[in-house]
Amino acid sequence: MGTVLRAEHGKRAGFRESAKDIVRFCGLGGLEEIGRNMSFFEYKDEIVIFDAGLEFAGEENPGVDYIIPNTTYLEQNKHKIRGIVVTHAHYDHIGAIPHIMEKLGNPTIYTTPLAREIIKKRQTDYPNTPPLDIEIVKNRDVIKVSDNFTLEFFNIIHSIPDSISIMLKTPVGNFVYATDVKVEYDAKGVEYGLDEFRRVGEQGIHGLFLESTNAEVPGKSLSSELIMDNIEDIFLKTKGRMVIAMFASMLTRVGEVITLAEKHGKKIAFSGLSMKTNVQIAQNLGYIKIKPGTIIQLADIHKYKDDQIVILSTGAQGESNASLMKIATGENRSFQTRPGDTIMFSSSIIPGNERAVQTLKDSLARQGAHIYHSKNSDIYSSGHATADELKAIIKAVKPKYYVPIHGYYFMRSTNALLAQECGVLKENTIVADNGLVVEFSKTGFQVDFDHQLPAHYVMVDGLGVGDVGEIVMRDRKMLAEEGMVVIVATLDKKTGTVIKSPDIVSRGFIYLKENVNIVEDMRKKIKGILAQMPAHKEVEMDYLKGLIRDQIGQFLYTKTKRRPMILPVIIYV
Ligand SMILES: [Zn+2]
């Protein structure tokens, strides 16, 4: 984790005012990455938290399920916590909840009905966690959560219904916290989704915190109307069965596709459990309206004509265990691809998934499917504001200070430049990394470089939270990249002499049977090390193991230029 805050983006000679009248802001996750979003504001002995998300672990963290924010500071100050605001139901904003709530003293969660239901659904996977206290909020609700913090919620547009942003009123000023938000356009290009931002902007905004995910994407995104028109064109052209693959979390688009299917007399079947449960939750709350008879079971599709069938599937990222991959590999019992089928990827490819998606498309194409994806047709737009949309929001809010959140450093610094184009003073844009505390007074701000809070990764691996640290990770990488060699030496307890030739076993290093010379040399070397030990004396075990590890490691590196993990096992008999 770096601690970079570039001078050109707002490092400023610190104000020296009474320490009492200061609002402190800190991002614990989401500021040097995409995911595990979590921030908090603190004023005197009051803290209010925004979101508690997860980040899926990349290849650099082998075996880890996901990563969550580091909540050490909040745990130490849990008596100050007055609530957690959850902006919407995506996992990068709610995913850490089952792992942290107890440690934080189970504070009240303020969120919308859809997010509440999805949080509750996920909580059932963690039966040993205490029941959550969730308070529902809706557009323009004003809740005073403590003496000095008042939250005003307002609706914004994102790729899932029921997303909110917040105006946080404090003694220092009003702050707007807007994450995962976009501006929409109708077919004529008229924008909407900005009225609430203008309304709060009129109240005078001290600081705006705004996401950076698509800050590097110029212009504005495609309008949903245009995308739905294009999907409808494909519906009209398609004579066979159709599979539409997308994230189950893009519930707004899922709802639109269902409505479009109904318009064309088609039936919908779900493939993928998360798609089914998410739609059910959204339908129960009235966010997705479905006519009776539209939804059919996947197992029943043979009862309908081919051009009536639309299958909504998860797995557009080529995930190996998701539904679309099972269709491609023929593992899905109810649906096998055949010539005449159309597969639509209404998604972008998350960096890192390119190969998996390519394999998936190849496999489906070999089986005769016709494939549409976001590169050959305009059938996808992201839920995150592009450069022009971010600028429209900044102009509507008119903040004095601007803090880009959510994204890698370059995304955030690009976002800061957008604010400057909108009239925010250069010295008032703040690009601060995870764990850095930004202190706001009524007249200025400073970044407290002396008090960086713990913000490093907390890994969730199976049932373990935080118990996989750097050493375990280093071992996993070593094993994955260089393999391992186990050396078993048996010594006489009384004399300390080697009883038999050491056993050598390797996995993922080199094939020993084809490298007898190396094995023989290794044996000789081990015997040599052991012979140097003082006779008639039990040698300190760790010392001996260290010696073998170092010397054999060096020997193998000279011979092979590889560094396998070496596990010496010493047995005294
Ligand atoms: Zn989101």
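The values are calculated or read from the model by the stated rules, or taken from the named source; none is laboratory data. In this text the structure is predicted, and so the values were computed from the model without any measurement. All Cβ positions, even for glycine, are placed from backbone atoms using ideal geometry, and neighbour counts span all protein chains on display.
If you scan the stretch 483-515, which residues turn out to be among the basic types (Lys, Arg) and in a strand (DSSP E or B)?
Step one: filter the stretch 483-515 for residues among the basic types (Lys, Arg), giving 493-494, 500, 507, 513.
Result: ARG507, single match.
Residue-by-condition table, conditions (1) free of Cβ contacts under 8 Å to residues at least 12 places away in the same chain; (2) in the same structural domain as TYR66 (by TED's automatic domain parsing); (3) hydroxyl-bearing (Ser, Thr, Tyr):
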| residue | (1), (2), (3) |
| --- | --- |
| LYS500 | yes, no, no |
| TYR511 | yes, no, yes |
| ASN517 | yes, no, no |
| ILE526 | no, no, no |
| LEU547 | no, no, no |
| PRO568 | no, no, no |
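For the stretch 342-371, which residues satisfy the criterion of being acidic (Asp, Glu) and within 24 Å of SER382 (Cβ to Cβ)? Can you show your working first?
Step one: list which residues in the stretch 342-371 are acidic (Asp, Glu), which gives 354, 362.
If the condition is that a residue be acidic (Asp, Glu) and within 24 Å of SER382 (Cβ to Cβ), then GLU354 is the only one that fits.
Out of (1) crowded, with 18+ Cβ neighbours inside 10 Å; (2) modelled with pLDDT under 95; (3) of a type outside the set (Lys, Arg), what's the single condition that is false for TYR192?
Only one criterion is unmet by TYR192, namely (1).
Return the only residue of GLU191, GLU196, GLU216 being closer than 15 Å to ILE394 by Cβ and either assigned by TED's automatic domain parsing to the domain that holds ALA52 or touching a residue at least 60 places away in the same chain (Cβ under 8 Å) (or both). Spell out the reasoning first.
Numbers: GLU196 fails: either assigned by TED's automatic domain parsing to the domain that holds ALA52 or touching a residue at least 60 places away in the same chain (Cβ under 8 Å) (or both); GLU216 fails: closer than 15 Å to ILE394 by Cβ.
Only one candidate qualifies: GLU191.
Taking the stretch 517-542 as the region of interest, how many residues are over 18 Å from VAL488 (Cβ atoms) and either surrounded by 14 or more Cβ atoms within 10 Å (Cβ to Cβ) or modelled with pLDDT of 85 or more (or both)?
Looking only at that region, the number is 1.
Report yes if some residue within the stretch 181-190 is in contact with a His (Cβ under 7 Å, 6 or more places away or on another chain) and within 20 Å of GLU389 (Cβ to Cβ); otherwise report no. Working first, answer last.
In the first step, residues of the stretch 181-190 are kept if they are in contact with a His (Cβ under 7 Å, 6 or more places away or on another chain); the result is 181-182.
Retained after the next criterion (residues that are within 20 Å of GLU389 (Cβ to Cβ)): 181-182.
Among the residues of the stretch 181-190, at least one is in contact with a His (Cβ under 7 Å, 6 or more places away or on another chain) and within 20 Å of GLU389 (Cβ to Cβ), which makes the answer yes.
Working only within the stretch 229-251, note down all residues that are assigned to a loop (DSSP other than H, G, I, E, B) and within 16 Å of the ligand (Cβ to nearest atom). Steps first, answer last, please.
Just the residues of the stretch 229-251 that are assigned to a loop (DSSP other than H, G, I, E, B), to begin with: 238-241, 246-250.
Within the stretch 229-251, MET246, PHE247, ALA248, SER249, MET250 meet the criteria.
Among the numbered conditions (1) more than 16 Å from the ligand (Cβ to nearest atom); (2) touching a strand residue (DSSP E or B) at 6+ places or on another chain (Cβ under 9 Å); (3) not aromatic (Phe, Trp, Tyr), tell me where PRO62 comes up short.
Just one mismatch for PRO62, condition (2).
Given the structure, is TYR402 within 23 Å of VAL183 (Cβ to Cβ), touching a residue at least 60 places away in the same chain (Cβ under 8 Å), among the hydroxyl-bearing types (Ser, Thr, Tyr) and assigned to a strand (DSSP E or B)? Can you show your working first?
Working: within 23 Å of VAL183 (Cβ to Cβ): yes; touching a residue at least 60 places away in the same chain (Cβ under 8 Å): yes; among the hydroxyl-bearing types (Ser, Thr, Tyr): yes; assigned to a strand (DSSP E or B): yes.
Spelling it out, TYR402 is indeed within 23 Å of VAL183 (Cβ to Cβ), touching a residue at least 60 places away in the same chain (Cβ under 8 Å), among the hydroxyl-bearing types (Ser, Thr, Tyr) and assigned to a strand (DSSP E or B).
Please go through the stretch 418-432 and pick out each residue that is out of contact with any strand residue (DSSP E or B) (no Cβ under 7 Å at 6 or more places or on another chain), free of Cβ contacts under 8 Å to residues at least 40 places away in the same chain and under 18 Å from GLU216 (Cβ atoms).
To start, the set of residues in the stretch 418-432 that are out of contact with any strand residue (DSSP E or B) (no Cβ under 7 Å at 6 or more places or on another chain) comprises 418, 421-423, 425-427.
Those still in the list that are free of Cβ contacts under 8 Å to residues at least 40 places away in the same chain too: 421-423, 425.
GLU421, CYS422, listed by residue number.
List the number of the failed condition for ASP125; all other conditions in (1) acidic (Asp, Glu); (2) under 23 Å from GLU211 (Cα atoms); (3) more than 16 Å from the ligand (Cβ to nearest atom) hold.
Unmet condition: (2).
For the stretch 156-192, name all the residues that are under 19 Å from VAL137 (Cα atoms), within 16 Å of the ligand (Cβ to nearest atom) and of a type outside the set (S, T, N, Q).
The answer is ILE156, ILE157, HIS158, ILE160, PRO161, ASP162, ILE164, ILE166, TYR177, ALA178, ASP180, VAL181.
Could you go through the stretch 272-288 and let me know if any residue there is in a strand (DSSP E or B) and either within 16 Å of the ligand (Cβ to nearest atom) or touching a strand residue (DSSP E or B) at 6+ places or on another chain (Cβ under 8 Å) (or both). First the steps, then the outcome.
Start the filter on the stretch 272-288 by keeping residues that are in a strand (DSSP E or B), which leaves none.
Taking every residue of the stretch 272-288 in turn, none turns out to be in a strand (DSSP E or B) and either within 16 Å of the ligand (Cβ to nearest atom) or touching a strand residue (DSSP E or B) at 6+ places or on another chain (Cβ under 8 Å) (or both).
Can you name the residue in the stretch 252-271 that is touching a residue at least 40 places away in the same chain (Cβ under 8 Å) and outside any helix (DSSP H, G or I) and, of all such residues, is surrounded by the fewest Cβ atoms within 10 Å (Cβ to Cβ)?
Of everything passing the filter in the stretch 252-271, GLY265 is surrounded by the fewest Cβ atoms within 10 Å (Cβ to Cβ).
Looking only at residues in the stretch 89-117 that are touching a helix residue (DSSP H, G or I) at 6+ places or on another chain (Cβ under 6 Å) and closer than 19 Å to ILE288 by Cα, which one is farthest from the ligand (Cβ to nearest atom)?
Taking the candidates together, the pick is GLU117.
For the stretch 213-223, does any single residue satisfy the condition of being touching a Phe, Trp or Tyr at 6+ places or on another chain (Cβ under 8 Å), surrounded by fewer than 22 Cβ atoms within 10 Å (Cβ to Cβ) and modelled with pLDDT of 95 or more?
Within the stretch 213-223, one or more residues are touching a Phe, Trp or Tyr at 6+ places or on another chain (Cβ under 8 Å), surrounded by fewer than 22 Cβ atoms within 10 Å (Cβ to Cβ) and modelled with pLDDT of 95 or more.
Restricting attention to the stretch 377-395, which residues are in a helix (DSSP H, G or I) and either among the acidic types (Asp, Glu) or surrounded by fewer than 21 Cβ atoms within 10 Å (Cβ to Cβ) (or both)?
Filtering the stretch 377-395 down to residues in a helix (DSSP H, G or I) leaves 387-395.
Within the stretch 377-395, ALA387, ASP388, GLU389, LYS391, ALA392, LYS395 qualify.
Just give me the residues in the stretch 272-287 being hydrophobic (A, V, I, L, M, F, W, C), free of Cβ contacts under 8 Å to residues at least 60 places away in the same chain and crowded, with 17+ Cβ neighbours inside 10 Å, in sequence order.
Of the stretch 272-287, the ones hydrophobic (A, V, I, L, M, F, W, C) are 273, 275, 279, 281-282, 285.
Restricting the remaining residues to those that are free of Cβ contacts under 8 Å to residues at least 60 places away in the same chain gives 273, 275, 279.
Within the stretch 272-287, MET275, VAL279 qualify.
Go through the stretch 302-332 residue by residue and tally those that are part of a loop (DSSP other than H, G, I, E, B) and without any contact (Cβ under 8 Å) to a residue 24 or more places away in the chain. Give the derivation first.
Residues of the stretch 302-332 that are part of a loop (DSSP other than H, G, I, E, B), as a first pass: 304-305, 314-322, 329-332.
Subset that is without any contact (Cβ under 8 Å) to a residue 24 or more places away in the chain: 305, 321, 330-331.
Number of matching residues: 4.
Wholly within the stretch 57-171, which helices (runs of 4 or more DSSP H) include no fewer than the required count, namely at least 2 residues that are touching a Ser or Thr at 6+ places or on another chain (Cβ under 6 Å)?
Details: elements: 72-76, 91-94, 97-100, 113-123.
Counting at least 2 such residues, we get 97-100.
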